[in-house]
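*Asks:* Take a look at this one; I'll ask things after.
Taken together, the values in this text are just the output of simple stated rules run on the coordinates, not laboratory data. Note that this is a predicted model, so its numbers are computed, not measured. A quick note on method: Cβ atoms are made from the backbone with ideal geometry, for glycine too, and the neighbour counts reach across all protein chains shown.
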Amino acid sequence: MDAEKPFVSTRILDLSKDDMPREKALAHGIRALSDAELMAIIFGGGLPGMSVVDMARGILRDCDNRLDMLARLSMNELMSKYKGVGPAKAVSLAAAFELGRRNREQAIGREDPQIRSSRDAVALMSPLLEGLEYEEFWVLMLSRSNRVTYKRCISQGGTASTVVDVKLLLKRAIDCLAEGIILVHNHPSGNASPSGEDDRLTARIKDGAKILGINVLDHIIIARSKSYSYADEGRL
């Protein structure tokens, strides 16, 4: 009877020289690496008979080679869907995505951007909202020259809705001496069309802000790679 073969994981160190992402990064810079090679460095080891780079390529193919789809997978989903992905790999990958998200958030926080159109607002807020699996409602406070002086998450909710305290939102605007505000929230479903509740909430905030002399310049819905602007649709 043949002896059972031991489990041998194909590590980065075991790869051929032409397929070693760490050495490639050191020689040519980290930007020279493909998405799969970057994942291989995070994972460290692959499966018996499959290199860690090929393992990463397979996971990416399953996500249509879209990092945003991969980033939306929870750690439990990564472990249950992909052979060879245990707690260490799942946590390491989630940590890498979270570091990237925090870097984008901090970079945005250091800026004082001017909003000239809905596209500017979408570009500002998409990195914070498009990958979330739950709803968040944000407000941007703008100066007379339409520069963002302050931004704040007003509420967090579930996968289909979030509760917004209109009085608290308007108090924030008054405290910031905002000349105008832009409302922004996300739809985790990927459908950017506003709901009836979105319409009613927009009207309530607009009516309250008008009494205070504050202009509601837009309400933007971000749904993964899509967006909807009330202002662009002539609904404000």
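*Asks:* Where Rh is the Kirkwood radius over the Cα pairs of the chain, the temperature 20 °C and the viscosity 1.002 mPa s, what D in µm²/s does Stokes-Einstein return? Provide the component values of the computation, followed by the final result.
*Replies:* Values: Rh = 20.3 Å.
In µm²/s, the coefficient is 105.
*Asks:* While we're here: Calculate the dipole size of region 23-133 relative to its Cα centre from +1 charges on Lys and Arg beta carbons and -1 charges on Asp and Glu beta carbons; express the result in debye to the nearest 20. Each step should come with its number before you reach the end.
*Replies:* Numbers: 15 positive and 15 negative charges, 22 e Å.
I would put it at about 100 debye.
*Asks:* In the structure shown, do any of K151/K206; K171/K210; K151/K171; K151/K226; K24/K81 have a Cα-Cα gap over 25 Å, and if so which? Each step should come with its number before you reach the end.
*Replies:* On the way: K151/K206 18 Å; K171/K210 13 Å; K151/K171 13 Å; K151/K226 21 Å; K24/K81 29 Å.
Listed pairs above 25 Å: K24/K81.
*Asks:* Counting pairwise Cα distances across region 112-229, what percent come out greater than 22 angstrom? Display every interim value, and only then the final one.
*Replies:* Values: 1800 of 6903 pairs.
Taking all Cα-Cα pairs of region 112-229, the fraction more than 22 Å apart is 26 percent.
*Asks:* State the Cα centre-to-centre distance between region 209-236 and region 33-70 in whole Å.
*Replies:* Cα centroid to Cα centroid, the span is 39 Å.
*Asks:* What number, rounded to the nearest 500 deg cm²/dmol, is the helix-based mean residue ellipticity at 222 nm of the chain, given -39500 (n - 2.57) per DSSP H run of at least four residues and division by all its residues?
*Replies:* Working: 9 runs with 101 residues, N = 236.
When only DSSP H runs of four or more count, the value is -13000 deg cm²/dmol.
*Asks:* For region 12-105, go through all pairs of different Cα atoms, get the mean of 1/r, take its inverse, and jot down that Kirkwood value in Å.
*Replies:* Details: mean 1/r = 0.0734 Å⁻¹.
Every distinct Cα pair counted, the radius reaches 13.6 Å.
*Asks:* In whole Å, largest first, what are the principal axis extents of the Cα atoms in region 50-91?
*Replies:* 25, 22, 13
*Asks:* Moving on to the next point. Taking the mean number of other Cβ atoms within 10 Å as a proxy for protection, how do you rank 170-182, 24-36, 129-141 from highest to lowest?
*Replies:* Numbers: 170-182: 18.4, 24-36: 13.0, 129-141: 20.0.
Answer by packing, highest mean first, reads 129-141, 170-182, 24-36.
*Asks:* A further question on this structure: Going by how many other Cβ atoms sit within 10 Å of their own, how do S193, S118 line up, fewest first? The partial results should precede the final answer.
*Replies:* Numbers: S193 11, S118 20.
Ascending number of Cβ neighbours within 10 Å: S193, S118.
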